[in-house]
Amino acid sequence: PYDISNPEEKFKNLFQYYDFLSTRRHFKIIQNLSVDENEEDFIDLEENDDNEDGVENVEPVELDLWLSYRSSFKEIANEIGDLIGHDSNKLRLFYVEGNQKSILRSNFDFSYFAPTPQSNELVLAYEALNIPLKELEELKECTMYWVGNGICRDERHDFSIPRSTTIDSLLDRLQPKVQFTSNERKDLLIWTIDSNLQIRQVCPLDYPIE
């Protein structure tokens with residue numbers, strides 16, 4: 001396929017040009033402005049946020065592009081990355097339909113968007129990451145419940161973490177959210193639970209999450 005990230009070499013001959021015309025779709029590209037708590041450490045907030053009040057208050061960047069549905073995820077990410085000035089390997093894309101938003105993995109097949117008689121403009125959202133997308137896709141989901149204020153007043157916190165993460169490293173992520181002190185950290189008790197919410201294991205700080 002032609003390289004859509006290089007306009008000068010987009011079409012090497014008329015056959016490629018007509019192939020593009022027959023497979024093109026109109027895409028509106030917007031900036032994703034909602035960041036999940038469990039992934040906020042992997043989002044490039046400087047790219048996604050132009051003020052100090054948080055991404056929710058920023059007007060989204062919008063791009064209008066004609067792209068072939070035969071393009072690969074990498075080719076489309078290259079196109080968007082060039083336009084916004086961000087490494088395309090560190091972009092995550094979402095398909096937006098109404099109020100629903102679906103994450104597109106790096107191996108997504110864009111032929112899913114082949115036109116139909118009812119086809120309209122397609123909307124994609126992008127998110128600038130500070131790690132490569134493929135690394136983000138390998139992260140493990142972990143949920144911690146903070147019961148520092150009593151077992152009946154627990155707080156749930158979700159994290160996306162590398163599989164090599166230990167309890168000690170996870171506490172580094174938890175601290176800014178619950179504000180325990182260094183002295184309190186020494187006395188923290190961490191345990192895992194089973195499906196019946198019973199204590200299964202008390203975990204030392206070097207306990208691996210995996």
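Of note:
- Taking amide H as placed 1.01 Å from N in the peptide plane, Ile190 has its amide H under 5 Å from the amide H of Cys203, each at least 5 places away in sequence or on another chain.
- Heavy atoms of Phe108: accessible area, 1.4 Å probe, square angstrom to 10: 50 Å²
- Residue-level accessible surface for Thr116, protein heavy atoms, 1.4 Å, Å²: 70 Å²
- Panel note: the C-alpha atoms of region 62-114, placed on their principal axes, show extents of 27, 24, 21 Å (largest first).
- Qualifying trypsin sites (Lys or Arg not before Pro) in region 156-210, DSSP loop, other Cβ atoms within 10 Å at most 15: Arg163
- Couplings 3J(HN,Hα) of region 85-90, computed from phi: x, 9, 4, 5, 6, 10 Hz, in residue order, whole Hz [Karplus 6.51 cos²θ - 1.76 cosθ + 1.60, θ = phi - 60°; x for Gly and Pro].
- For the residue pairs Lys28/Lys134; Lys101/Lys177; Lys134/Lys186; Lys90/Lys177; Lys134/Lys177; Lys140/Lys186, the alpha carbons lie more than 32 Å apart in Lys134/Lys186.
- Surface listing: Trp146, Trp191 arranged by accessible area from highest to lowest gives Trp191, Trp146, probe 1.4 Å.
- Considering only the Cα atoms of region 95-168, their convex hull presents on average a projected area of 8.2 nm².
- Accessible area (Å², 1.4 Å probe, nearest 10) - Asp64: 100 Å²
- The 1.4 Å probe gives accessible areas that order Tyr112, Tyr69, largest first, as Tyr112, Tyr69.
The values are calculated or read from the model by the stated rules, or taken from the named source; none is laboratory data. On a predicted model such as this, the values are computed, not experimentally measured, just so you know. Every residue, glycine as well, gets a Cβ built from its backbone with ideal geometry; the counts of neighbours run over all protein chains shown. Heavy atoms of the whole protein, side chains included, go into the accessibility calculation; ligands, DNA and RNA do not. Shrake-Rupley method; radii C 1.70, N 1.55, O 1.52, S 1.80 Å.
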